[in-house]
1. So if the hydrodynamic radius of segment A:195-269 is defined as the Kirkwood radius over C-alpha pairs, what does Stokes-Einstein give as its diffusion coefficient at 25 °C and 0.890 mPa s, in µm² per second?
2. Taking amide hydrogens as modeled 1.01 Å from N in the peptide plane, which residues meet the under 5 Å criterion relative to B:Asn34, leaving out close sequence neighbours?
3. With an 8 Å cut-off on Cα pairs and a minimum separation of 6 or more residues, tell me the relative contact order of chain B in percent.
4. A 25 angstrom limit on the alpha carbon distance is what I want to check against. Which of A:Lys225/A:Lys284; A:Lys19/A:Lys323; A:Lys225/B:Lys53; A:Lys19/A:Lys324; A:Lys142/A:Lys290 exceed it?
5. Would you mind giving the mean number of other chain beta-carbons within 10 Å of the Cβ of each residue in A:220-233, as a whole number?
6. How large is the convex hull of the Cα atoms of segment B:7-88 per residue, expressed in Å³ as a whole number?
7. Mean-square fluctuation check for chain A, GNM, Cα pairs under 10 Å: which of A:Gln58, A:Gln306, A:Gln214 is largest?
8. Order by neighbour count: B:Arg72, A:Arg183, fewest other Cβ atoms within 10 Å first, most last.
Amino acid sequence: MAWEDPKVTKLALTSEWNKLLFSKASMREVLEGRGSPLGGVYFSLKHFPANVFDALEQAYPGWKFQGDDFSDLMAKMREGYAAEVGPAAEYFEGGIRINERCETSLPGLYAAGECSGGLFGANRVAAATTEMVVEGAIAGRKAAKMAAENEAPPIDEEQVEHLTQECTSFFDREGSVTVAELRGRVRNLAYTGIGVIRDAKGLSKAVSEMEEIQEVLSSLTLATKRRHHNREWMESIELRNMAQCLLLSARAARERTESRGVHVREDYPVVDNINWRQHLVVRKGGEGIKLTPVPVVSQTEIPKEQIPYEEAIVQAAEALMAKKELS
Amino acid sequence: MTGNDEIAVQIRVWQETGESAYREYVIPVDGEMNVLNVLEYVHEHLDPAVSYKSSCRRGVCGACAMAINGKRRLACETVAEDGMTINPFEGA
């Protein structure tokens, strides 16, 4: 484990902070050239004595967990086999900006659950299901009230025409790039440039490459021209949205010159509570991308100081352990 | 007939003519593959016309329910085998 302080290691092994701490630690190994052949790290349970393994199996009968069957893998793990594992996306801290009524900037449009942003700050340690249920109830009630009290707003025919044209234009494009090819590039860029450990150089590269991909999208060619049962067409539209979201993510991540929660900047390894105790609101309108810092609304008083990233985690771990001891 | 490290499957595909028909594809097998892995491979490397629905890829959501050898199955939970018939448009 790449964490120096044993308190952080304990946090990684015993709390919901594990996802953050494990992914950073394993990515660090890969970046420093100690990764496994497929670009991950080895995960072994060999240190578990047999009776502890038995107890673990009783906790997960048949080695089944949330619909997945791990029995084959666990049989091999028991023999001392190590699996190759690597970090992957699980939850997005950012998202559509909403207020406490789940309203977006568009009147009548509400957002709830993981697609919304900001509820958990820089690292989600509570359940996303709770967010989904609570915000879903709020958004549902507000939307019903809004719909009952207001006439449906007029539909902007010009915008409908524009969007239809944009989606169907994929059929008219003549180029040499395939969806699969471009999708692979976008995925790779998201992992390497806007991934677990970031810096200005990588983020700038992600920004310029994503802009280039947006250009290339206009010369994308569909092999499948029919309008129904066309996965390739669906993927093209998705790809356009993916490139847009990732470009905005990269711009925001480059702007935030600090490390906080899941956002770790190699070139700014401090939690900056002087300049960055703020949300970064990203807006893309006709005039281009706009990034606006907005102060966090919180009743918790935090000293205005800069703390080295790992020290900030130790502080959080200590606060968490003190709370547990009290309760 | 195929070698040990590849399998041949029949997949129902919509044609440009507006009708659907079965086509045969030969897929290299890397360890154990499920039917969804097969569809993904064919769509990406052999024939983008092959279409199907999927979401969670791990047996929770049900999006990849389809007819496999005439039976209703989840593509992500069914081990791919040589000679299989896959119809992504039935059994959902």
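Every number here is computed from the coordinates shown, using simple stated rules; none is lab data. Source: prediction; values computed, not measured. We place every Cβ from the backbone using ideal geometry, glycine too, and count neighbours over all the protein chains shown.
1. So the translational diffusion coefficient is about 175 µm²/s.
2. Residues meeting the amide H criterion: B:Ala80.
3. Numbers: 176 pairs, mean separation 28.4, N = 92.
Once divided by the residue count of chain B, the mean separation gives 31 percent.
4. Beyond 25 Å between Cα atoms: A:Lys225/A:Lys284; A:Lys142/A:Lys290.
5. Counting other chains' Cβ atoms within 10 Å and averaging over A:220-233 gives 4.
6. Dividing the Cα hull volume of segment B:7-88 by its residue count gives 87 Å³.
7. Per the Cα network of chain A with a 10 Å cutoff, A:Gln58 tops the list.
8. On the way: B:Arg72 11, A:Arg183 18.
Taking fewest neighbouring Cβ atoms as first place, the list is B:Arg72, A:Arg183.
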